[in-house]
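Visitor: Sharing a structure below in structure tokens format, with a few things to ask.
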Amino acid sequence: MGAQLRVYKRRIQAVTATKKITKAMEMIAASRIVKAQRRVAASMPYATELTRAVTAVATGSTTQHPLTTEVEAPTRAAVLLVTSDRGLAGGYSSNAIKAAERLRERLSGEGKEVDTYIVGRKGVAYYGFRERKVAEAWTGFTDSPTYADAKMVAAPLIEAIQTETAEGGVDELHIVFTEFVSMMTQNPVDNRMLPLSLDKASEDDGAKGEILPLFDFEPSAEDVLDALLPRYVESRIYNALLQAAASEHAARRRAMKSATDNAGDLIKSLSRLANAARQAEITQEISEIVGGASALADATAGSDK
């Protein structure tokens with residue numbers, strides 16, 4: 001019985017240590033969410049105004065440009081999947097991967113060949129384990145991305161959209177990331193970045209039905225779109241990375257809180273079992289003492305006769 005009590009005590013000590021770790025990770029994630037939210041909010045005005053500028057150029061000219069012109073029969077698409085570098089975040093990465101798989105199936109069903117680009121070790125590991133081809137991958141910055149990281153990710157995508165499909169280019173750019181809605185809600189979404197849908201862009205930026213000002217383009221509308229194309233892609237990817245980072249921290253905080261609560265419940269359960277084992281051990285010791293005393297008394301009484 002004493003051995004069983006020692007086992008329970010060791011398990012309680014182990015679970016208590018785990019609870020301290022998960023509680024610390026929960027607090028760290030909670031502290032990082034606020035900073036991530038501020039960065040998301042700070043990036044929105046630039047992305048919004050840039051989209052408005054692109055919309056103004058596109059509606060004010062007849063220039064055919066990959067930024068705004070739909071391909072009649074698209075045959076190739078690029079999908080950028082944003083996951084996390086670290087685990088212990090619940091279903092954060094797996095939900096994004098599932099959304100990317102659904103998008104891939106839809107694009108394939110439309111007869112389009114899909115090139116996959118991945119941000120985050122979880123996505124890289126998923127595709128690597130299944131031996132699927134990945135066009136390019138980036139890791140090491142998902143929890144705190146910078147604009148330089150967004151530019152690095154955007155560079156091959158911009159090159160792909162500007163290249164003819166016959167030479168390895170793509171007709172469409174899609175991005176799959178986890179949108180930060182609130183501390184409790186994060187939704188995996190897939191958005192088409194290019195070609196830019198002007199109606200969709202107006203709805204996203206709250207400018208649907210707004211009359212845009214008239215502009216004169218120097219040296220030409222095409223040159224303006226060429227200059228805006230990389231900025232637009234970079235800003236959209238940067239905003240997606242920031243939202244994904246905020247979602248990752250929120251998902252990790254929620255997962256660590258659940259783990260901490262479960263550890264507390266397990267400690268209570270093990271404590272009850274340990275107390276029961278201790279009471280059984282005490283009862284057994286008392287029974288042995290009483291039995292020994294009774295036997296001694298009987299032996300003494302027999303000797304007196």
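The values are calculated or read from the model by the stated rules, or taken from the named source; none is laboratory data. Since we're looking at a predicted model, the values are computed, not measured. For neighbour counting, all protein chains shown are included, and Cβ atoms are generated from backbone atoms with ideal geometry for every residue, glycine included. Accessible surface is based on the protein model in full, side chains and every heavy atom, while ligands, DNA and RNA are left aside. Shrake-Rupley method; radii C 1.70, N 1.55, O 1.52, S 1.80 Å.
Visitor: Would you point out the residue of segment 103-148, among those that are among the basic types (Lys, Arg) and without any contact (Cβ under 8 Å) to a residue 40 or more places away in the chain, that is most open to solvent (accessible area, probe 1.4 Å)? Give the derivation first.
Guide: At the first step, the residues of segment 103-148 found to be among the basic types (Lys, Arg) are 104, 106, 112, 121-122, 130, 132-133.
After this cut, where a residue has to be without any contact (Cβ under 8 Å) to a residue 40 or more places away in the chain as well, the list is 104, 106, 121-122, 130, 132-133.
On the way: ARG104: 76, ARG106: 109, ARG121: 121, LYS122: 85, ARG130: 110, ARG132: 88, LYS133: 179 Å².
Ranking the candidates gives LYS133 first.
Visitor: Within segment 149-167, which residues are free of Cβ contacts under 8 Å to residues at least 60 places away in the same chain and open to solvent by less than 50 Å² (accessible area, probe 1.4 Å)?
Guide: Listed by number, the residues that qualify are PRO156, THR163.
Visitor: Evaluate the following for GLN13: is it of a type in the set (S, T, N, Q), surrounded by 15 or more Cβ atoms within 10 Å (Cβ to Cβ) and in a helix (DSSP H, G or I)?
Guide: Working: of a type in the set (S, T, N, Q): yes; surrounded by 15 or more Cβ atoms within 10 Å (Cβ to Cβ): no; in a helix (DSSP H, G or I): yes.
For GLN13, the condition - of a type in the set (S, T, N, Q), surrounded by 15 or more Cβ atoms within 10 Å (Cβ to Cβ) and in a helix (DSSP H, G or I) - is not met.
Visitor: Could we say that THR68 is at pLDDT below 90, under 14 Å from LEU173 (Cα atoms) and surrounded by 20 or more Cβ atoms within 10 Å (Cβ to Cβ) here?
Guide: Details: at pLDDT below 90: yes; under 14 Å from LEU173 (Cα atoms): yes; surrounded by 20 or more Cβ atoms within 10 Å (Cβ to Cβ): yes.
Judged against the criteria, THR68 is a match.
Visitor: Within segment 77-90, can you find the residues that are under 8 Å from the mean Cα position of the chain (by Cα) and part of a loop (DSSP other than H, G, I, E, B)? Reasoning before the result, please.
Guide: Step one: filter segment 77-90 for residues under 8 Å from the mean Cα position of the chain (by Cα), giving 82-84, 89.
Matches in segment 77-90: THR83, SER84, ALA89.
Visitor: From the list ALA250, ALA201, which residue is at pLDDT 90 or above and under 34 Å from the mean Cα position of the chain (by Cα)?
Guide: On the way: ALA201 fails: at pLDDT 90 or above.
Answer to the selection: ALA250.
Visitor: Does ALA77 qualify as being at pLDDT 90 or above and farther than 24 Å from PHE180 by Cβ?
Guide: Details: at pLDDT 90 or above: yes; farther than 24 Å from PHE180 by Cβ: yes.
For ALA77, the condition - at pLDDT 90 or above and farther than 24 Å from PHE180 by Cβ - is met.
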